[in-house]
Structures are given as structure tokens and as C-alpha cells.
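The next block holds one structure in the form of C-alpha cells; read it before the comments.
The values are calculated or read from the model by the stated rules, or taken from the named source; none is laboratory data. Since the model is a prediction, treat every value here as computed from it, not as a measurement. In this analysis, Cβ positions are derived from the backbone assuming ideal geometry, glycine residues included, and neighbour counts consider all displayed protein chains.
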């Protein structure tokens, strides 16, 4: 008789943390010392360096695993911000950090995705709360603090608690005009800003499988507003194809170091796909979940998160007519090509309303370039939009579109906390990209269908 | 571990990192004084004017949700806050607090019972919060986290593990 091994089934989070911890398996609640594949920081790198210097080390322990972008206040709006960037460049030179991305390359989560620096089944820890983003490609991404990044630079290791997991299933394809952003807002509105606190959220269902990759990126990104530790979308052929193409480009320019699975000899697209599939992790069918929430795509509609909390969610119709001073399309949540395309579809041949500003900031230089090639940027500028440098823009109130007291902004970003965009007495409404563009045209919050058909 | 006593500053649910420490300062503010000055700026301007060393912050669910910015915790430390008692914490804030030696104590009944301005005592030996409404037990920290808090933060805690590599 053959013996069948019957080790208890595991969630994605268990498998990913076990792998990063060099263990066969881990249990929920266990504290594990992990060695993440990538450690992310951005404009906060200079502050992290000052913490790291307290360790008295001459060289960081893991230069090849460090990735740094300048994106949060880029280009620098003040001399102090400029000095901050200068300190970061000095650190990058002194430590030989190769994965460094300058002002204008784009937002960390978008850039590291485009560069295929994080692969399925890998772990990325970052001094940025939206590091959950990397769940879109089947990686384990979690935000940590600055001291923790300094500790990782020094030792390569950090403790994580293995989280409970929760499943969110989307059945059926989203109807026209309803996006992944609306789905995320609906989840957060239903279950609260702490509805996923400390948990690993696993997405699944036919609606997720049918989604394009850019839409999938929205979901784990927005789950930061749900309190999660990480979120996960199962990788599939679309995911492997995206990453393989980008890895092949990187290898062509001689960068081979990040691929842990690489073998001797040249990588071919076929071998890359096989390598990526071999890296991917999937939850076992009978793994344990603390909750499962099932949504039917056909029952969803466009939603708005009203000031000053991301779980203050209402259907679009409930706030239609609200005056808008500024519309902002961009960020790691909704600043990609499909978001810009959705805005162009609404605004082409129309004009931004008098008295309203429409600010569009592509999430990366590649998004900007693709938008130029397709004529999207031209259409936006002709309609009266202002195009900003790829990066985070005014999302967290540093620069490039800070509202005046009393003003109303409709934004495709992920947060609408009081003061988030730099002004405590300003209101921020969160919406999907088409609603943002339509509101720019109408000068008030409006259903895009009203603008396009009206 | 000692006993902490201080006045309570009480706030609601989902107190986020932007109202604890606005993002517009996060890449430029340096040093204890400058970081301390902006604490709770968009939530309670009275706080930095009247806070006393040892004071305790008491709040509802999901305290510190939002950004990973560590100043959301250090701005409280630099104002002398000795502990935060809440119904629950945003996970990165919780890590940042512990990693800077700031006690973050999840204790829903105490967080609900404590009234603004009253004197609160945290007994770390017996894991009890004492206030006008009575005594409330809270779960002890794991050995690792207790070690970090007692060392005064993560940097001090792991300094011994770091290899110098001149």
C-alpha cells in the first residue's frame, strides 16, 4: 500500500510565509522570521538610512534585494524635498543599489510591477502601506514601518505573524461602467475599514479570472483600506505572460540577478513561463478561512467613498450633483493605461467645465508613453486637462494639486482622510476613473453615461 | 515592567495616520521637536498644546489605519505619550508603536469605558488597566514584542544581531 501524506491544507499566506521563512509549513498565529525577496522604500529612504546608520554597519546586508523609487514628492516641490532626494541618491551610490528609479519613472508599485522585480510566490515588504498591491501577481506584499526596513537592510530578516485568511469571491463579469474600483469600494463599504484587519484576503471567482491585469491591480491595492496584511489574486496565463515579456526585456539588457529560478544558459520566453509557473503558490482547496464573502458582479454598480473615510461608501446616484472644484485621475490605484482610456472615452470631444480643474497623472513613464502613442494624452489636453509628472501627485498632500480650504476633489486615489491631500478643510470623494473624468466635464459628480449620452 | 499613569485623551473609530501626522510633512520633518509639533494636527489642535508626559491616548476601532508612516507613532512618543489603548489597531501602526517602545494595548472594554481627561493607570505586571469604571485585563505581549518594548524599540532590540561589515 502506498502511504498518502495528509498534511493539513494551507492558505496562500501560510505557503508564502513558510517559503520566505525557509520552513516546510507554518500555522496561523505563528511568528516567523522571514527573508523577503524584495524590500521597497521610496522618498522615505533618507529617513530609513538615518535609522539604519544607528546599527553602525558600513554596507547594507542585502543590496540586491533593495528597490527604491523617487515618487512621493517628485520632482521635489521645495529645497527640503530636494535635499531629501539628494541624500537618497548618495545612499544608492554608496551602497551600489541597482534597483533605483529616478524622479519621473513612476509610482513604486507600478514601476516594480513593470520591471517584474517581484514574481509569483515571492515576498515583498515595503515602507508603504499599499505594498499589498503585489498580490495582483500572486506575490505576498505587506507594508511595514521605516525602522523595520532599516532592520531588513541590516539583517535581511523580519518577523511576521501568520494571518488568518478570508476569501472574497466575484461571480460573473462586471457590467459595463462598473470597475474593480467599484468592487473594492463596495467590499470596504459593506464590511468597514477594519473588515479585513490583520487578515490575508484571497480573491477568486469567474469575475476575477475574467478581469484584465490592470483591473486586478486595483484590488489588492485597495485592500490596504480594508486593514489587511496582504491580499492575493491567483496568477494565471495572463499574469505569467505579462511578467515573462518584461523579464525577457530585462535579461536582454543584462539584468539577471533578481530571478531566483534561473538556470544556466539563456532564458527563452518558454523557459521563463515555466519558471514563473513553478514559482506560483496557490491555496489548497480545503484550507481554513475565517470568512467567505460572495459577490455577484451583475448586482454591483458605481460607488463613491465620501469624506472623510474610505468605508463611507454610497452608490454614485446618492451624491450626484455635488459640486467639484478639482478632478484627479492617477495614483497606484487608478493611474494606468486602462484608467486613462476610460477617461478619454468620456472626455474626447468635450471640455472640462469652467471653474473645475482636471489633473491627470500617469502612474509611470511607461503609462505616459503608451498614452502618448495612443493619442490619449492629446485628447485629454485638448479637453483642458493638465498632465502631471508620473508619480504620486497630490495623493498625500505633498504637491501638484493641493486643494484650497472648502474645495471639493473627486479622485481616483485610495484615501480620502481629512487632510490627506494637504488641506484639512477640503473634501475628497473617491470614484472610478470614468466617473472622475465625467465629473470634470460636468463640474459636479455625475454618472458618465449622462455625459456621454447627454 | 513599570506601572504607567496619565490623563486620557479620547478619540473615536478609524483615527487614521493622516490626522495623526499629515503626509505633507512626512519626507521633510526631522528631529523630535519638529515631528512632535505636528502630532494630531488635523484631529485635535489642543493636543500638542496641553499634552503632558505620561498621558494616554484612548480610541475606538482601527486606531492608526492608513499609511505606513512611522511618525504617526513617533510623534506620540516625542510628546511623552506612554500608551495607546484602543478597541483595535491598524496593523502597521501597531508594529510602528511597538518598534518605537510605545505600548499599543488592544482592550475594547477599557477603550469604551475610559472618559476624556480621567486618570488611567496601566499595570504592566498584572496586565490591568485601571480607570474610574473599574479594572480591565488585557492580553500580555508575546516574549518577542515585550523584548522590543523593554529594549526601547526595534533598533535597540536587534542592534546586537547586526554584524558590522566594515
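Table for the structure above
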item: So residue B:58, is it away from every other protein chain (no Cβ under 13 Å), buried (at least 24 other Cβ atoms within 10 Å of the Cβ), within 16 Å of the chain's Cα centre (by Cα) and in a loop (DSSP other than H, G, I, E, B); result: no
item: Single match in A:367, A:435, A:452 (criterion: away from chain B (no Cβ under 14 Å), more than 17 Å from residue A:71 (Cα to Cα) and in contact with a strand residue (DSSP E or B) (Cβ under 8 Å, 6 or more places away or on another chain)); result: A:435
item: Extreme residue, surrounded by the most Cβ atoms within 10 Å (Cβ to Cβ), among residues of region B:84-117 that are at the interface with chain A (Cβ under 10 Å from one of its Cβ atoms) and in contact (Cβ under 8 Å) with a residue 40 or more places away in the chain; result: B:90
item: Output for region A:140-161, where each listed residue is surrounded by fewer than 24 Cβ atoms within 10 Å (Cβ to Cβ) and more than 10 Å from every other protein chain (Cβ to nearest Cβ); result: A:156
item: Those residues of region A:72-89 which are within 11 Å of chain B (Cβ to nearest Cβ) and either in contact with a strand residue (DSSP E or B) (Cβ under 7 Å, 6 or more places away or on another chain) or not in a helix (DSSP H, G or I) (or both), in sequence order; result: A:72, A:73, A:74, A:76, A:77, A:78, A:88
item: Test result for residue A:211, modelled with pLDDT under 95, away from chain B (no Cβ under 14 Å) and in contact with a strand residue (DSSP E or B) (Cβ under 9 Å, 6 or more places away or on another chain); result: no
item: Some residue of region A:172-179 being crowded, with 24+ Cβ neighbours inside 10 Å, in contact (Cβ under 8 Å) with a residue 24 or more places away in the chain and not assigned by TED's automatic domain parsing to the domain that holds residue A:251; result: yes
item: Any chance residue A:248 is away from chain B (no Cβ under 14 Å) and at pLDDT below 95; result: yes
item: Residues of region A:388-415 satisfying the condition of being surrounded by fewer than 24 Cβ atoms within 10 Å (Cβ to Cβ), in a loop (DSSP other than H, G, I, E, B) and in contact (Cβ under 8 Å) with a residue 60 or more places away in the chain; result: A:389, A:399, A:400, A:401, A:403, A:404, A:407
item: Residue in region B:38-52 that is outside any loop (DSSP other than H, G, I, E, B) and touching a strand residue (DSSP E or B) at 6+ places or on another chain (Cβ under 6 Å) present; result: no
item: Residue within region B:127-141 that is free of Cβ contacts under 8 Å to residues at least 40 places away in the same chain, within 14 Å of another protein chain (Cβ to nearest Cβ) and more than 18 Å from residue B:77 (Cβ to Cβ) present; result: yes
item: Of the criteria (1) without any contact (Cβ under 8 Å) to a residue 40 or more places away in the chain; (2) away from chain B (no Cβ under 14 Å); (3) over 30 Å from residue A:175 (Cβ atoms); (4) buried (at least 20 other Cβ atoms within 10 Å of the Cβ), which one residue A:381 fails; result: (4)
item: Sole residue being surrounded by fewer than 20 Cβ atoms within 10 Å (Cβ to Cβ), modelled with pLDDT of 95 or more and either more than 15 Å from the chain's Cα centre (by Cα) or within 14 Å of another protein chain (Cβ to nearest Cβ) (or both), chosen from A:59, A:105; result: A:59
item: Condition met for residue B:6 (assigned to a loop (DSSP other than H, G, I, E, B), more than 8 Å from chain A (Cβ to nearest Cβ), touching a residue at least 12 places away in the same chain (Cβ under 8 Å) and touching a strand residue (DSSP E or B) at 6+ places or on another chain (Cβ under 6 Å)); result: no
item: Qualifying positions in region B:11-36 - within 26 Å of residue A:196 (Cβ to Cβ) and not in a loop (DSSP other than H, G, I, E, B); result: B:16, B:17, B:18, B:19, B:20, B:23
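Here's the yes/no breakdown for (1) away from every other protein chain (no Cβ under 14 Å); (2) in contact with a helix residue (DSSP H, G or I) (Cβ under 9 Å, 6 or more places away or on another chain); (3) farther than 23 Å from residue A:64 by Cβ; (4) not in a helix (DSSP H, G or I):
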residue: A:193; (1), (2), (3), (4): no, yes, yes, yes
residue: A:197; (1), (2), (3), (4): no, yes, yes, yes
residue: A:215; (1), (2), (3), (4): yes, yes, yes, no
residue: A:218; (1), (2), (3), (4): yes, yes, yes, no
residue: A:222; (1), (2), (3), (4): no, yes, yes, no
residue: A:239; (1), (2), (3), (4): yes, yes, yes, no
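To keep it simple, each residue is scored yes or no on (1) within 16 Å of the chain's Cα centre (by Cα); (2) farther than 23 Å from residue A:309 by Cβ; (3) in contact (Cβ under 8 Å) with a residue 12 or more places away in the chain.
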position: A:109; (1), (2), (3): yes, no, yes
position: A:113; (1), (2), (3): yes, yes, yes
position: A:116; (1), (2), (3): yes, yes, yes
position: A:166; (1), (2), (3): no, no, yes
position: A:187; (1), (2), (3): no, no, yes
position: A:193; (1), (2), (3): no, no, yes
